[in-house]
Amino acid sequence: MTEAAVEARSARKEYGAGEKKVRALNDVSVVINKGEFFTLLGPSGCGKTTLLRLIAGFESPTAGMILLGERDISTMAPYDRPVNTVFQSYALFPHLSVADNIRFGLTMQGTPKAQVDARVAEMLALVKLEAFADRKPQQLSGGQQQRVALARALAPAPEVLLLDEPLSALDLKLRKEMQLELKRLQTETGITFVFVTHDQEEALTMSDRIGVMRDGQILQIGGPREIYNKPVNRFVADFIGETNVLTGTVEQGGVRLPTGDVIAVDNLDAAIQGTKVSLAVRPEQVRIGDGALQGRVAETVYFGTDTHCHLRMSDDTEVVARMQSPPSGDTGLQEGQTVSFDFVPGAARVLED
Amino acid sequence: MAGTTHGSGRTGWILSIPALILLTVGAAGPLLIVVVYAFLEPGEYSGVVWDFTTEAWFRVFFERDIFDDTVTFADAHLTIFWRSLKLSVLTTLIAFAIGFPTAWFIATRPPNKRAFWLFLITIPFWTNLLIRTFAIMEVIRNQGLLNTFLLNFGIIDAPLQILYTDTAVLIGMAYVYLPLMVLPLYAAIDRFDFRLVEAGYDLYASRMKVLRRVILPIVRPGIVAGSILVFVPSLGAYVTPRILGGGKNMMVGNFIELQFGQGRNWPLGAALALLLLMIVLVALLAYVRVTSRDDANG
């Protein structure tokens, strides 16, 4: 039995008035479970940060409700909410030491000093910054500042931790490390994490569930595998990972491509025969070697472990196949060569536009 | 590499010549003269007699009776110094109380509107201090704007006697030095990262606590600069207390001027001026020490 940690009920947020009115959040409803790592994923301007700010209490909804557990907290001041935020800019207090930054929330809550000291020490150990307790934030590297921001937000043991693109300022290597670190912290503390990002890879590797957002709405909510393998529409398919999009006409049992080939598709139930649809196939689900489809090798791109092969079908549709690079690094595919290929069974899916 | 450093060092030294001349002729020289005068005897009509004595320093603290040479403590001097100190501290506090919200208001306007508000703050500098002070006099005197207004609306029965009181001096100084408080405060608040306010709210700090624990400590350099810029000239103020305080509510500046004028005691004036300088230095050191103390301990 899962329990709700946070819930948005038809949450709407509008900025400005009259002609200039902008709806940043369009009646979003979502239930985030206790102890869950939930990610709001979407391009900039999709409303993910607005939703986070509504939960934090920096903004109040124009309509709808924000609930924490059972309580309606829509109009509660941010300093009364048992919710803490890790800010994109970290927003560490420059005049306070690392330890005093971590101490801040606890002191403001009126926690007894002995308890505060113990908790600060615990947090410093959790993020492995014991040696830096007396430094000022400006004297730390980006990754260390990030960990201070995390420790500061976790110290008061919030019911929900909000993370607003916390890794976007870090370089790739550090980002990968912090992704694992975050996941570890979430598992260890058992606190509900609501994570905002525009990085689909980040979302896939860390989340229990992902909500994909666009234009102030949540398009799809699901686990990483579900989102990746069963995107509900073209936007989600495009946004999460790379994908081949083919167009075709619905027929009995499949979709007929302009080349005349018929592709078997599972999720055809709703589609009416004769209508034009888009098909999505992930590059790693394209198999070169044998199959009913034909394509000319337009280009092969070596990525180290992977090699991408761009195939051009007779109607000029391009299909990218991703395969593991052979130990020699040479796939043996020549540009201009015609090869046979097909899709892994069940891989091709019809997309809503 | 070494040649470049050498060259730029030489150029830097040449560039500093005008500043060195100005400092020598304009500050160090006169200060030296004041120090020397403070240890000489007063001339009969004015000026000094070149005889070394510490009499001026004695006279700063004690009065010598003209007839029987009995010595009494110069409590009038103490009163004047005390009033100056009190009025200057109050002026600084008033300027801060008004200046902080003002600077906050300007710094939180959209960037393209801030120049306009800053421009308004600097307008008083366009007019001579003397004229502005007379204008204040026009407002607060018994038949002035303020009293006429209050009388006409039946708020008071008799005109308030503000002019020629410490209150008048205070109003005048706060008005005159307010921009000196607002500008450094604005510069500090402008640099302030307002996202820290949200971080404070997020970590259970109420509005007052965010102000006290986050905003004020971070804009402290602006507060220190503004306070010094207001306090120091207030302590040595001359024109404002002279006009608005009348003859009886003297501040140190007026008292020193008196020694060089009617008092005909240049050495005493010089000694008083040096004492004032020392008070300012001690006050500044104490202030900087107190305000730069680490928050973690406070």
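The values are calculated or read from the model by the stated rules, or taken from the named source; none is laboratory data. Only a predicted model underlies this, so the values are computations on that prediction, with no experimental measurement involved. For neighbour counting, all protein chains shown are included, and Cβ atoms are generated from backbone atoms with ideal geometry for every residue, glycine included. All accessible areas refer to the heavy atoms of the entire protein, side chains included, with ligands and DNA or RNA removed. Shrake-Rupley method; radii C 1.70, N 1.55, O 1.52, S 1.80 Å.
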Q: State whether one or more residues within the range B:222-230 are surrounded by 17 or more Cβ atoms within 10 Å (Cβ to Cβ), of a type outside the set (A, V, I, L, M, F, W, C) and closer than 30 Å to B:Asp51 by Cα.
A: no
Q: Pick out the one residue from B:Phe149, B:Phe134 that is within 18 Å of B:Met250 (Cα to Cα), hydrophobic (A, V, I, L, M, F, W, C) and open to solvent by 60 Å² or more (accessible area, probe 1.4 Å).
A: B:Phe134
Q) In the range A:206-229, how many residues are open to solvent by less than 10 Å² (accessible area, probe 1.4 Å), at pLDDT 95 or above and of a type in the set (A, V, I, L, M)? A) 3
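Conditions tested, residue by residue: (1) among the polar types (S, T, N, Q); (2) farther than 30 Å from A:Glu14 by Cα; (3) surrounded by fewer than 21 Cβ atoms within 10 Å (Cβ to Cβ).
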| site | (1), (2), (3) |
| --- | --- |
| A:Pro231 | no, no, no |
| A:Ala237 | no, no, no |
| A:Ile240 | no, no, no |
| A:Thr243 | yes, yes, no |
| A:Thr247 | yes, yes, yes |
| A:Gly254 | no, yes, yes |
Q) Mind checking which residues of the range A:103-112 are more than 8 Å from chain B (Cβ to nearest Cβ) and open to solvent by less than 20 Å² (accessible area, probe 1.4 Å)? A) A:Leu106
(Q) Restricting to the range A:37-96, count the residues that are facing chain B (nearest Cβ under 10 Å) and open to solvent by less than 50 Å² (accessible area, probe 1.4 Å). (A) 20
Q: Please work out which residue is most open to solvent (accessible area, probe 1.4 Å), limiting yourself to the range B:53-71 and to residues that are at pLDDT 85 or above and assigned to a loop (DSSP other than H, G, I, E, B).
A: B:Thr54
Q | Qualifying position, being open to solvent by less than 60 Å² (accessible area, probe 1.4 Å) and within 9 Å of chain B (Cβ to nearest Cβ), among A:Asp164, A:Asp100 | A | A:Asp100
Q) among the small types (Gly, Ala, Ser), surrounded by 13 or more Cβ atoms within 10 Å (Cβ to Cβ) and under 30 Å from A:Gln220 (Cβ atoms): does that describe A:Ala280? A) yes
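To keep it simple, each residue is scored yes or no on (1) touching a residue at least 60 places away in the same chain (Cβ under 8 Å); (2) more than 23 Å from A:Ser10 (Cα to Cα).
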{"position": "A:Phe58", "(1), (2)": "no, no"}
{"position": "A:Thr62", "(1), (2)": "no, no"}
{"position": "A:Ile66", "(1), (2)": "yes, no"}
{"position": "A:Ile73", "(1), (2)": "no, no"}
{"position": "A:Ala77", "(1), (2)": "no, no"}
{"position": "A:Val98", "(1), (2)": "no, yes"}
Q: Can you run down the residue pairs with Cβ atoms below 8 Å, 6 or more apart or on separate chains, where the first is in the range A:148-169 and more than 16 Å from A:Asp80 (Cβ to Cβ) and the partner is part of a helix (DSSP H, G or I) and of a type in the set (Lys, Arg)?
A: A:Ala155/A:Arg103; A:Ala155/A:Arg119; A:Leu167/A:Arg175
Q) Being at the interface with chain B (Cβ under 10 Å from one of its Cβ atoms) and out of contact with any Lys or Arg (no Cβ under 7 Å at 6 or more places or on another chain), is that true of even one residue in the range A:139-152? A) yes
Q. Looking at the range B:28-42, is at least one residue more than 29 Å from B:Ile228 (Cα to Cα), assigned to a loop (DSSP other than H, G, I, E, B), touching a strand residue (DSSP E or B) at 6+ places or on another chain (Cβ under 7 Å) and modelled with pLDDT under 90?
A. no
Q: Could you grab me the full set of residues in the range A:172-197 that are farther than 24 Å from A:Gln144 by Cβ and crowded, with 16+ Cβ neighbours inside 10 Å?
A: A:Thr192
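Okay, residues lined up against (1) over 26 Å from A:Val262 (Cβ atoms); (2) surrounded by fewer than 11 Cβ atoms within 10 Å (Cβ to Cβ); (3) in the same structural domain as A:Val250 (by TED's automatic domain parsing); (4) not polar (S, T, N, Q):
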position	(1), (2), (3), (4)
A:Tyr302	yes, no, yes, yes
A:Glu318	no, no, yes, yes
A:Gln324	yes, yes, yes, no
A:Asp330	yes, no, yes, yes
Q) B:Thr92 fails exactly one of the following numbered conditions: (1) buried (at least 16 other Cβ atoms within 10 Å of the Cβ); (2) more than 17 Å from B:Tyr186 (Cα to Cα); (3) at pLDDT 90 or above. What is the number of that condition? A) (2)
Q: Check every one of the strands (runs of 3 or more DSSP E) wholly within the range A:218-326 and list those with 3 or more residues that are under 29 Å from the mean Cα position of the chain (by Cα) and in contact (Cβ under 8 Å) with a residue 24 or more places away in the chain.
A: A:244-251, A:276-281, A:286-302, A:306-312, A:318-324
Q. Of all residues in the range B:37-52, how many are surrounded by 11 or more Cβ atoms within 10 Å (Cβ to Cβ) and in contact (Cβ under 8 Å) with a residue 12 or more places away in the chain?
A. 10
Q: Kindly list, by first and then second residue, each pair from a residue in the range B:95-115 that is within 22 Å of B:Leu229 (Cα to Cα) and assigned by TED's automatic domain parsing to the domain that holds B:Val219 to a residue that is assigned to a helix (DSSP H, G or I) and open to solvent by 70 Å² or more (accessible area, probe 1.4 Å), limited to pairs with Cβ atoms under 8 Å and residues at least 6 apart or on different chains.
A: B:Phe105/B:Trp117; B:Ile106/B:Trp117
Q: Kindly establish whether A:Ser29 is touching a Lys or Arg at 6+ places or on another chain (Cβ under 8 Å), at pLDDT 95 or above and open to solvent by 30 Å² or more (accessible area, probe 1.4 Å).
A: yes
Q: Read through the list (1) within 12 Å of chain B (Cβ to nearest Cβ); (2) at positive phi, then give the number of the only condition that A:Lys128 fails.
A: (1)
Q | Test result for B:Asn112, part of a helix (DSSP H, G or I) and either among the polar types (S, T, N, Q) or within 14 Å of chain A (Cβ to nearest Cβ) (or both) | A | yes
Q) So which helices (runs of 4 or more DSSP H) are wholly in the range B:146-264 and hold at least 2 residues that are more than 14 Å from chain A (Cβ to nearest Cβ)? A) B:166-191, B:220-235, B:239-244, B:252-260
